[in-house]
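Read the structure below first, then the notes.
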Amino acid sequence: MSTVLRIEDLTRVHGQGESEVHALRGVSLSVDSGELVAVMGPSGSGKSTLLTIAGGLDSPTGGTVTIEGVELGGLSRALLARLRRRSVGYVFQDFNLIPALTAAENVALPRELDGDSARASRRLAMHALDEVGIGELADRFPDDMSGGQQQRVAIARAVVGDRRLILADEPTGALDTDTGEQVLRLLRARCDAGSAGVLVTHEARHAAWADRVIFLRDGLVIDETGPPAAVDSLLGASTTR
């Protein structure tokens, strides 16, 4: 297996002086192809900050982020945007769908921006929407969908095409239990097929789908478990995979 994501000694400081907040304090993490890593921790522990920096959506104060051998800090804005479109799928907590575009158009947009034809992009978008169980909503606009349906469109956009790295920030937050399990099964399948995944979650039963679990507190890695069963032991939760 090859390393898709490598994070080394990552720090992120917000503000200055008395208002200075250390969101991340020297975090290091590697995720290989075929691997799904869950990140857990209390609110304010740095989980979402870690994910946004890993995806090139924010810059670290210190340390490095490398995706498939390319260090993000050395890229121009244009090259960074191109890498994100081609290699990184990101599921945001607030969906970030474009209201004026249909579900299929939202999902197809990254592929079209990267030069795929409209026809090829639509075909890939329909496949991704079918994977998350809402192919019949392809021509519906976000404002005409429930929160759970919008979440599934966002997930389809993250996995469309051949994404080597999938970053998911609480991807099941707006979904019922059965649909959430379907989404986690999809993320797991994509990783089993060769992608690398990082899943931010506060649910032990969701973390149980991962190969490893990283625990953050106050911007520091405080623990790391191997097999999913270790999550049960650490959190005292009952999970199944």
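None of the figures in this text is laboratory data; all of them are computed from the coordinates on show. Since this is a predicted model, take the numbers as computed values, not measurements. When we count neighbours, we look across all protein chains shown, and the Cβ atoms used for this are built from the backbone with ideal geometry, even at glycine.
Mind checking the dipole of region 125-220: about its Cα centre, +1 per Lys or Arg Cβ, -1 per Asp or Glu Cβ, Debye to the nearest 20?
Numbers: 11 positive and 16 negative charges, 87 e Å.
Value, rounded to 20: 420 debye.
Going toward the positive end of the dipole of the chain, with +1 on Lys and Arg Cβ and -1 on Asp and Glu Cβ, which of GLY133, PRO99, GLY194 do you reach last?
GLY194
THR66: net charge of surrounding residues, Cβ under 11 Å, Lys/Arg +1, Asp/Glu -1, itself excluded?
For residues surrounding THR66, the net value is -2.
Which shape class applies to region 1-123: rounded if a/c is under 1.5, otherwise prolate when a/b exceeds b/c and oblate if not, where a ≥ b ≥ c are the square roots of the Cα gyration tensor eigenvalues?
Prolate, because a/c is 1.5 or more and a/b exceeds b/c.
Any chance you could check the Cα centroid distance between region 38-65 and region 120-148 for me, in angstrom?
Region 38-65 and region 120-148 have Cα centres spaced 29 Å from each other.
Quick one: grab the alpha carbon gyration tensor of region 100-202, order the square roots of its eigenvalues as a ≥ b ≥ c, and give me rounded if a/c is under 1.5, else prolate or oblate depending on whether a/b is larger than b/c.
It comes out oblate by the Cα gyration axes.
So between SER2 and VAL70, what do we pick up on full extension, going 0.36 nm a residue minus the alpha carbon distance?
23.1 nm
What percent do you get for the relative contact order of region 1-150 when only Cα pairs under 8 Å and 6+ apart count?
Details: 187 pairs, mean separation 28.4, N = 150.
Worked out over region 1-150, it gives 19 percent.
With Rg and Dmax of the Cα atoms in Å as the read-out, I listed [x] 18.4, 61; [y] 17.6, 61; [z] 17.5, 54; which label goes with the value calculated from this structure?
[z]
Only Lys, Arg, Asp and Glu count, each charged at its Cβ (+1, +1, -1, -1), so figure out the dipole size of region 1-152 about its Cα centre, rounded to 20 debye.
Using only the charged Cβ atoms, the result is roughly 260 debye.
Under the rule a/c < 1.5 gives rounded, and otherwise a/b versus b/c splits prolate from oblate, where does region 87-152 land using the Cα gyration tensor?
On the way: a/c = 1.59, a/b = 1.36, b/c = 1.17.
Prolate shape, in that a/c is at least 1.5 and a/b is the bigger ratio.
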